[in-house]
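Just so it is clear, none of the values below were taken in a lab; they were calculated from the coordinates. Just so you know, these numbers come straight off a predicted model, no measurement behind them. Note that we place each Cβ from the backbone using ideal geometry, even for glycine, and neighbour counts take in every protein chain shown.
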Ligand SMILES: [Zn+2]
């Protein structure tokens, strides 16, 4: 193949996906393949599965990769070169980048999956639609967890500790619920999907999914549901306004399951105006993502763009 290619791999807890893009026209997918992670079989097995996948794609396109970008859970600690904060826990403490480079015989670059989401949506997705000249973009993940990624001039800002963009563990609520990270009241313990469902359950004594809570609030049939929705939009406004106060991005993209909630873009946006340090004036486009599940693997490939 005489095109220059970009290889990306999204290392998920259940699937490992590989995409090869055309560097000249990166929205063009040359090959896309996946394999089961089988993470229960441990770290060495995950590395072996990645090798199987890379060998398969190599034989399809007839050339070996020179470099591969990886979207990973958790982050590579730049101070120790080992993984941390991965929900696929067997990765934690492992020298994943070095092990992949040795096994695959090529250069590798790793980035957290939220960072890959932000990079893909910036270079190939929603940001291109609203402001293709954006210099600074922020990708938010609001789902089971809350995370994010900061992209400046087309590059991810990883930061000194590898935690650039991790707004989900800023403290949002004094005396809030305990977070898995060891602190309490993090953004994630307030406006993630499970956190909102937990709040509803505490105030109603009933278990409901966020979707049902939103519907009940809309019908004005349930005071606890209305209180949960009020909590979601208000704390969303507080958390996003502090983000804008610090980095003032040209565009914010909101991914993850909670990011689908339309109210965030209407009432939630009004609350950003209420809390921002700019006399209630906000021009930042806050938009839904465009690439869906593909953002991780495309972002991984774009690490070498
Ligand atoms: Zn936390």
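Quick notes
- Counting Cα-Cα pairs of the chain in 20 Å increments starting at 0 gives whole-percent bin shares of 33, 54, 12, 0.
- Structure remark: mean-square fluctuation, Gaussian network model of the chain, C-alpha springs under 10 Å; the largest value among 163, 16, 247 belongs to 247.
- Alpha carbon centroid spacing (whole Å) that separates the stretch 112-186 from the stretch 269-305: 9 Å
- Cβ-based exposure ranking for 279, 294, in which fewest neighbours within 10 Å come first: 279, 294
- Considering only alpha-carbon pairs that sit under 8 angstrom and 6 or more positions apart, the relative contact order computed for the stretch 33-111 is 30 percent.
- Degrees, to the nearest 10: 193-204 long Cα axis against longest axis of the chain: 30 degrees
- Taking the C-alpha atoms only, the angle from helix 223-247 to the longest principal axis of the chain is near 60 degrees.
- Using only Cα coordinates, the Kirkwood hydrodynamic radius of the stretch 237-305 works out to 13.2 Å.
- Max mean-square fluctuation residue, GNM over the chain, Cα-Cα springs under 10 Å, options 292, 139, 74: 292
- Sorting 65-71, 215-221, 126-132 by their mean Cβ neighbour count within 10 Å, with the most densely packed peptide first, gives 65-71, 126-132, 215-221.
- Residue exposure sequence - 38, 226, 188, 281 - by fewest surrounding Cβ within 10 Å: 281, 38, 226, 188
- As a proxy for reagent exposure, ranking 263, 5, 243 by other Cβ atoms within 10 Å from fewest up yields 263, 5, 243.
- Taking the longest Cα principal axis of the chain as reference, the axis of helix 43-61 is set at about 60 degrees.
- Nitroxide proxy distance, nm - points 7 Å out along Cα→Cβ at residue 281 and residue 128: 3.3 nm
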